Amino acid sequence: MTVKIENGGIYDSGAYQTLRGLNKADKFSDSTDTSIMDLADKKAQNEPNKSGITVALEDFSNTFQDFNGHNSSNITINDTKNSFFDNAKSIFGQEDDNMFKTQEGQDLLNKKGSIFQNDIFASDIAKYGGIKYAKDGDNIAESALNFAKADAYAIGKANQIANGADANDSIDSYEVRSYKDFTGNLKDTFEEMNIAGSDKSLSPKEYASYLMAVDGLVQSEDGAEFDAQKIDGLITPQEAQAAKNLDNEQFQELAQKIYEENF
């Protein structure tokens, strides 16, 4: 299936603006540090339909307890100390496999001091040249869904600790400004992106649908085209760039078709 997508306006795409799995892929960096993703990929080998960045975000959320004097969510070696419940589980043989609590994770935290969510994305980009949300051989739709859940919960957990809001695996409109310098009308944007019935939040399945839609974009001289055969589990800077100015209505229709076919 190949679909021609019309341009909207400068940075008009709601999906590009609000979803980190898209706009982070467009953030070029001089960093060559892949240490976080090297550790995450090792764990992800044993996690079906989860890439390194997915397990890294999950383990970050499960470890993150405090902003540690910074303005952005981060973890330090102090956040990895076992709680009473962790120790109790250990007695019954239920070991915590959180990547940041392994010896390699501890060494990494000691070296870096703090690890931020942005560091996880930067490490993924340094290693893969984009956001790799699916391992080779994984079910791409399931992997996209797992990444969407992990990313949304990481955002929600930070907002919960900062503002006392509920943490869940949907992206609520009020959360966007906590990680994105968004100057438009979020209410209108979420209405235009709506697939599953709510215009106040994006469910993981909606997020995953937009992720796969961007993954299938090809930029040509005449604009962006969608080709389902191009979906490979990696959001490249070129694909993210192609998504920037897409017409919201037509883009929503494409994401909805992906939603109906996969979720």
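The values are calculated or read from the model by the stated rules, or taken from the named source; none is laboratory data. Since the structure is predicted, the reported quantities are computational estimates derived from the model, not experimental observations. Here the Cβ is made from the backbone with ideal geometry for all residues, glycine too, and neighbour counts use every protein chain on show. For accessibility, only protein heavy atoms count, side chains too; no ligands or nucleic acids. Shrake-Rupley method; radii C 1.70, N 1.55, O 1.52, S 1.80 Å.
Please report Rg over Rh for region 223-263, where both radii come from the alpha carbon positions and Rh follows the Kirkwood definition. Kindly include the intermediate steps, with their values, before the conclusion.
Details: Rg = 10.7 Å, Rh = 11.3 Å.
Value, to two decimals: 0.95.
Please report, in debye to the nearest 20, how large the charge dipole of region 148-263 is about its Cα centre when each Lys and Arg carries +1 at its beta carbon and each Asp and Glu carries -1 there.
Here region 148-263 has a charge dipole of around 560 debye.
Using only the alpha carbons of region 139-263, determine the length spanned along each of the three principal axes and report them from longest to shortest in whole angstroms.
46, 33, 27
Would you mind calculating the gained length between Phe182 and Lys81 on full extension (0.36 nm times residue separation, minus the Cα-Cα distance), in nm to one decimal? Before the final figure, lay out the partial values.
Working: separation 101, 0.36 × 101 = 36.36 nm, distance 3.58 nm.
Contour length minus the Cα-Cα distance gives 32.8 nm.
Which whole-number percent gives the relative contact order of region 112-167, counting Cα pairs below 8 Å spaced six or more residues apart? Numbers along the way, then the final one.
On the way: 22 pairs, mean separation 8.8, N = 56.
Once normalised by length, the contact order is 16 percent.
In nm, what is the difference between 0.36 nm times the number of residues separating Gln250 and Asn110 and their Cα-Cα distance?
Result for the pair: 45.6 nm of gain on full extension.
Express the carbon and sulfur contribution to the solvent-accessible surface of the chain as a percent, rounded to the nearest whole number, probe 1.4 angstrom.
On the way: 5320 of 12340 Å².
Accessible surface attributable to carbon and sulfur in the chain totals 43 percent.
Given the DSSP H assignment, sum -39500 (n - 2.57) over each helix run of at least 4 residues in the chain and divide by its residue total; what's the result at 222 nm in deg cm²/dmol, nearest 500? Write down the numbers at each step before the final one.
Details: 12 runs with 127 residues, N = 263.
Rounded to the nearest 500, it is -14500 deg cm²/dmol.
Mind putting together the pair-distance distribution for region 201-245? All Cα pairs, 5 Å bins, whole percent per bin, short to long.
Percent of pairs per bin, in order: 5, 24, 31, 22, 12, 4, 1.
For a quick check of understanding: with a 1.4 angstrom probe and all protein chains in place, what accessible area in square angstrom does Glu260 have, to the nearest ten?
Only protein atoms counted, so the area is about 130 Å².
What is the percent of Cα-Cα separations in region 128-189 that go past 14 Å? Don't jump to the answer; show the numbers that get you there.
On the way: 1194 of 1891 pairs.
Tail fraction, whole percent: 63.
What lysines could a cross-link reach from Lys187, if we take a straight Cα to Cα line under 21 Å and drop same-chain neighbours fewer than 8 places away?
Leaving aside lysines fewer than 8 places away in the same chain, those within reach of Lys187 are Lys200, Lys205, Lys244.
How big is the accessible area of Ser178 in square angstrom, nearest 10, if you roll a 1.4 angstrom probe over the protein chains?
In the full protein context, Ser178 sits at about 70 Å².
Between Asn139 and Asp222, what is the spin-label point distance in nm, taking each point 7 Å from the Cα along the Cα→C-beta axis?
3.6
If you take the Cα Rg of the chain and divide it by 2.2 N^0.38 Å, with N the number of residues, what do you get?
Values: Rg = 18.3 Å, N = 263, 2.2 N^0.38 = 18.3 Å.
Normalised Cα radius of gyration, the chain: 1.00.
With every protein chain kept in place and ligands, DNA and RNA left out, what is the accessible area per residue of the chain? Probe 1.4 Å, answer in Å². All intermediate terms of the calculation are to be shown ahead of the outcome.
On the way: 12340 Å² over 263 residues.
For the chain, the solvent-accessible area averages 47 Å² per residue.
Which one, Ala242, Ala196, Ala44, has the greatest fluctuation when you compute a Gaussian network model over the chain with C-alpha springs under 10 angstrom?
Sorting by GNM fluctuation, first place goes to Ala196.
Evaluate the distance, in nm, between pseudo-label points positioned 7 Å from the Cα of Glu191 and of Lys42 along their respective Cα→Cβ axes.
Calculated label separation equals 5.1 nm.
Charges only on Cβ, +1 for Lys and Arg, -1 for Asp and Glu: so what's the dipole of the chain about the Cα centre, in debye to the nearest 20?
On the way: 25 positive and 46 negative charges, 156 e Å.
The dipole of the chain has a size of about 760 debye.
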